[in-house]
Each structure stands twice: as structure tokens, then as C-alpha cells.
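Structure, as C-alpha cells:
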Amino acid sequence: MSRPPFIQPPGGVRARRLPTRRGEFAVLDAGPGADPSGTALLVPGYTGSKEDFIALLGPLAAAGYRAVAVDGRGQFETPGPAERAAYRLGALAEDVLAQAAELREHGPVHLVGHSLGGLISRGAVLRAAAHGRTMPFASLTLMSSGPGRITRRQRWKVRMLCGGLPVLGPSGVWRVWNPVAEENEVTDFLRQRWLAGRPAQLRTTGRTLRREPDRVDRLAAAGLPVHVLSGERDEAWPVPAMDEMAQRLNAHRSVIKGAEHSPNVDRPVATATAMLDFWAGVGARS
């Protein structure tokens, strides 16, 4: 679970609803004003939300980009149905494609997916490529997201969490996983976010994390510029596995010093700088 460094949106960031053909999504929207260089669409990971990117929004907007962080279907402030089929990878990938369609008027869309959000974002790219659609993305950044399923230890943890939901309920699972939680604004937010999430979303996306196959070759064939970004340490996907994935994709590779699974939280300025450098290279190639 990513722990945002703060909760209140900084100046220039709007909390709003993004209407799309797939419904409305809660977003944090930061822009430089007129004529942005492009739009960053930021997709959060498992148990996450748009607030996981809150420290990135200011630096990206200051550099001339519009940055839109989204709550996925069934995450925090975006509602979702109780049916688990609504949260399969293909459905969530279609949500991302719908979000991108609404944001393209503000310039090229650079897709950024953190952890599970990387698998969903990859799915959106592959769906666009497989169905012969116009590719709505200028680039894809896979942030702390690997080639397929998570490590064995993390698969066990996710299985235990998902198994506890129908037995203990969200409140009971929270108490088990956070027996001695320090009371402060961020901890209160994390609890509220957890309780607001749809159990069906957590159980279905947890299965995705445990089962997702290696789709790296298909992504390479799509021909989209890719950036593989991670911290120096990661428990969900080993850093060497992400190094190898970057080689297979002929991707730009960034390792953020001092960061672990959430470089967007651990080192937001360095992470934003790495993303901006990659996008500048994409623009030069274009």
C-alpha cells in the first residue's frame, strides 16, 4: 500500500469527476494553464488511489504538463458494481482507454501505471493495438510493475488478504493488517480509502496480480515507446526482472535511488524528473 506524504491537494490541483463513455472517474487534475506539452494519465496500483501521485502533480505541472491522477473503477472515490466481472483486466483496460479519449484534446497522452496500474495500462495498450484502434498514447511508463505475476511471497499475502475479505469484512481485515496504527491525517485517510474500496475490485484485481502472464513480447510488438521505472528495491517484482523486461522492450530504464516499490511517494521529485526526461526523448523522436 502506497502511503502518500500528504493528503490535501496542493495549489493548482483540482479534485473533480472525469466523464467518459465508461462512466465518471474521480481525479486529481493539475495543469500548467494554456497549451500544455502533453497530459500524464496516472493509474494507481492495488489498494491505491489517485492520492498516491499527489506529490508528482506539482512538479509535472510546473514542467508544462497536465497531470491527471485517477481512481479506478471501485477504488476510493470512484464507485463500482458488486459484480467481480467488472474488475477483470480487460474491463479496467477499457476504462483507461476511455479516460485517454477524453484527455487527448490537451495534447499527447503519456500513460503511467504504478504496480497493478502498470498491468492495467499495459492491457490498455495491447487492446488498442490488437483491435486496430488509433493508439491514444504517446508513451507508456511502467512504474514498479513487472513482466507478469508478482513474487511468490507477495502472491501469498494477496491471497490471504482476499481470503479474509468475505470472512472478516473490510473493517476486520484492516484491523488484522494494521493492529497498531499511528493516528494521524495520512493514516486516517488510508483507513477511509480501504473501507471505501469495493471488495469485488480487491478480490478480482488480486487474482490478476497472482495470475497475470508475461506479455512483454506482445507489448514490444506494439511499438510504443516504453519507460521502465522502479526503485532500488522492490518486493512485488525483483529489480533484476524489471531490468530484463526493459531490455526485452528496448525501453528507457530509470532506477530511483533511495526508493522502493513506490518511487512516486518515496522520491517524487527524482521520479518526476526521470519521467520528464523520458517524455522529452519521446518528443524528440517524434
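The values are calculated or read from the model by the stated rules, or taken from the named source; none is laboratory data. Owing to the predicted nature of the structure, the values given are computational and were not obtained by experimental measurement. Counting neighbours? That spans all protein chains shown, and the Cβs are built from the backbone with ideal geometry, glycine included. SASA here: full protein model, heavy atoms, side chains in, ligands and nucleic acids out. Shrake-Rupley method; radii C 1.70, N 1.55, O 1.52, S 1.80 Å.
Descriptive notes on the structure:
- Take the convex hull of the alpha carbons in the chain; its mean projected area over all directions comes to 13.7 nm².
- A compact globular protein would have a Cα radius of gyration near 2.2 N^0.38 Å; the ratio found for the stretch 174-286 is 1.32.
- THR78 long-range amide H proximity, modeled H, under 5 Å: ALA26
- Protection proxy ranking, peptides 217-229, 262-274, 107-119, 76-88, average beta carbon neighbours within 10 Å, highest first: 107-119, 262-274, 217-229, 76-88
- Take every Cα pair under 8 Å whose residues are at least 6 apart in sequence, average their separation, divide by the length of the stretch 90-177, and the relative contact order is 28 percent.
- Residue-by-residue Karplus 3J(HN,Hα) for the stretch 268-280, coefficients 6.51, -1.76, 1.60, Hz, glycine and proline x: x, 5, 5, 5, 4, 4, 5, 5, 5, 4, 5, 5, 4
- Look at where the Cα atoms of the stretch 158-218 and of the stretch 219-274 average out, and the two centres are 23 Å apart.
- Vicinal HN-Hα couplings computed from phi for the stretch 249-266 (Karplus, 6.51 cos²θ - 1.76 cosθ + 1.60; Hz; Gly/Pro x): 8, 6, 9, 5, 10, 10, 10, 8, 5, x, 10, 10, 6, 10, x, 4, 9, 5
- Antiparallel %, DSSP beta bridges [both residues in the chain], to 5: 35 percent
- With contributions of -39500 (n - 2.57) from each DSSP H run of at least four residues, the per-residue ellipticity at 222 nm computed over the chain stands at -14500 deg cm²/dmol.
- Based on Cα contacts under 8 Å between residues 6+ apart, the chain shows a relative contact order of 20 percent.
- Cut-off under 5 Å, modelled amide H: who pairs with ILE256 long-range: SER230, GLY231, GLU232
- Accessible area per residue for the chain, computed on protein heavy atoms with a 1.4 Å probe, is 43 Å².
- Rg(Cα)/(2.2 N^0.38 Å) for the stretch 7-155, N = residue count: 0.99
- Dipole size of the chain about its Cα centre, with +1 on Lys/Arg Cβ and -1 on Asp/Glu Cβ: approximately 1020 debye, rounded to the nearest 20.
- A 1.4 Å probe over all protein chains sorts PHE6, PHE189 by accessible area into PHE6, PHE189, starting with the largest.
- Net charge of neighbours whose Cβ lies under 13 Å from the Cβ of ARG84, counting Lys and Arg as +1 and Asp and Glu as -1: +4
- Rg/Rh for the stretch 91-186 stands at 1.11; both radii use Cα atoms, and Rh follows the Kirkwood definition.
- 3J(HN,Hα) along the stretch 77-87, derived from phi through the Karplus expression 6.51 cos²θ - 1.76 cosθ + 1.60 where θ = phi - 60°, amounts to 9, 9, x, x, x, 7, 6, 5, 4, 5, 10 Hz, with x in place of Gly and Pro.
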